[in-house]
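These notes are about the structure you will find just below.
Laboratory data are not the source of any read-out in this text; all were calculated from the coordinates shown. Since this is a predicted model, take the numbers as computed values, not measurements. Ideal geometry is used to build each Cβ from the backbone, glycine not excepted, and the neighbour counts take in all protein chains shown.
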Amino acid sequence: MNKIALITGATSGIGKATATKLAEIGYNIIITGRRGDRLAALEDELKAKGIKVLALQFDVRNQEEVHNAISNLPTEWKNIDILVNNAGLAVGTSPIQDGILDDWERMIDTNVKGLLYITHEVAPLMIKNEKGHIVNIASVAGKEVYPGGNVYCATKHAVDALSKAMRIDMLKHNIKVTNIAPGMVETEFSVVRYKGDQQAADNVYKGVTPLTGEDIADTIVFTVTRPAHICLNDIQIMPTAQASSRDVNRK
Ligand code: NDP
Ligand code: 8X3
C-alpha cells in the first residue's frame, strides 16, 4: 500500500490542489468535505491518476460525524502518514461591535474546533505507527491582525498556537508538525467571506498577482517530502506583491 494522506476541505482551493499534487506523487488520498458532488468528481479525477481514493463526506464542526468517519475507516486506510488540516473559512469583515454571532460561531467551530476534532481522531493512529506528519493551514492572519479580521485572525492565531503545542506533544512519537501561513491565495475563500458577493471577492485580488491553491500545494509537497530527520516547523508564504496583511502593492 502506498503512503496515505488525509486532506480536510479537499472540495476546493488549497485542499483540492494538495490532494491532486499528492496523488501525482503516488499517495493514496482520503478526501473530505461537505459537498458530496464535488467529492465524487474529485474522487474520479484522482483515481484516474492510478492511486486509491476514499471520499468521506462530513462537516468538521460535527464531532460525532468526525468520530464516526475516522473510527470506521477500513483497516487498510488507518495508517495515515499525512494529515493536512486545511478545512476552514472566514465569514464577514465587520468590526467587533457589529459582528454577526453566527459568523463567529462558524469560524471558531470550523477553524479551531474542527481542526481539533480531526486531530484528536487521527493523531492516535499516527502514534500507533510512531510516525506521521500533521500540516496545519494557518494564515498570515495567524501572525498579524488587520481591520475587520478580528475573529478570523483569532482563529488563525489559535491554529498557530496549536501547531506549536502539537509539535511538543507529538515530539516523543516521532510525528512532525508543520504550520503553513499563506497570504492572499485566490480560491473560493473570498467568495465565502463576502457571502457570495463575487465583485467584493474580485476586489481583494484587484491589481495583484495572488498565490494559487497550486502554489500552496507545491509548498506542502516540498514539506512532506523532506528526509525523515527534517521538519519544517513554520512556513510563511506570500505573493510578491504583499508584504503584510495591510501592505499590498496594487498596480
Ligand atoms: P476554499 O473556500 O476554496 O476551500 C475551503 C475548503 O474548506 C472547502 O473544501 C470546504 O469544503 C472546506 N470546509 C469549509 N467548512 C467546512 C466544514 N464545516 N466542514 C468540512 N469542510 C469544510 O478556501 P481555501 O482553499 O483558500 O481555504 C483553505 C484553508 O486555507 C482555510 O483554512 C483558510 O483559512 C486557509 N487560508 C486561505 C487563504 C486564502 O487567501 N485563500 C490564506 C491563508 C489561509 P465544503 O464547502 O465542501 O465543506
Ligand atoms: C487568508 C488571508 O489576509 O484574508 O487567511 O486573512 S487574509
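The table below gives the values:
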quantity: Residue in segment 133-192 that is farthest from A217 (Cα to Cα), counting only those that are within 8 Å of ligand 2 (Cβ to nearest atom) and of a type in the set (S, T, N, Q); calculated: S190
quantity: Flag if G196 is under 20 Å from the mean Cα position of the chain (by Cα) and at positive phi; calculated: no
quantity: Helices (runs of 4 or more DSSP H) wholly inside segment 187-251 that include at least 3 residues being touching a residue at least 40 places away in the same chain (Cβ under 8 Å); calculated: 189-193, 213-224
quantity: Filtered residue count, segment 183-241, keeping only those that are polar (S, T, N, Q) and surrounded by fewer than 16 Cβ atoms within 10 Å (Cβ to Cβ); calculated: 8
quantity: Residue tally, condition more than 21 Å from A5 (Cα to Cα) and under 19 Å from the mean Cα position of the chain (by Cα), over segment 213-244; calculated: 4
quantity: Candidate set: segment 175-234, residues that are of a type in the set (V, I, T), within 15 Å of A17 (Cβ to Cβ) and out of contact with any helix residue (DSSP H, G or I) (no Cβ under 8 Å at 6 or more places or on another chain); chosen: the one nearest to ligand 1 (Cβ to nearest atom); calculated: T219
quantity: Out of A55, A23, A48, A87, sole residue that is within 21 Å of G213 (Cα to Cα), free of Cβ contacts under 8 Å to residues at least 12 places away in the same chain and of a type outside the set (S, T, N, Q); calculated: A48
quantity: Residue under evaluation G50, criteria (1) of a type outside the set (A, V, I, L, M, F, W, C); (2) out of contact with any Ser or Thr (no Cβ under 7 Å at 6 or more places or on another chain); (3) more than 16 Å from ligand 2 (Cβ to nearest atom); (4) assigned to a helix (DSSP H, G or I), criterion not met; calculated: (4)
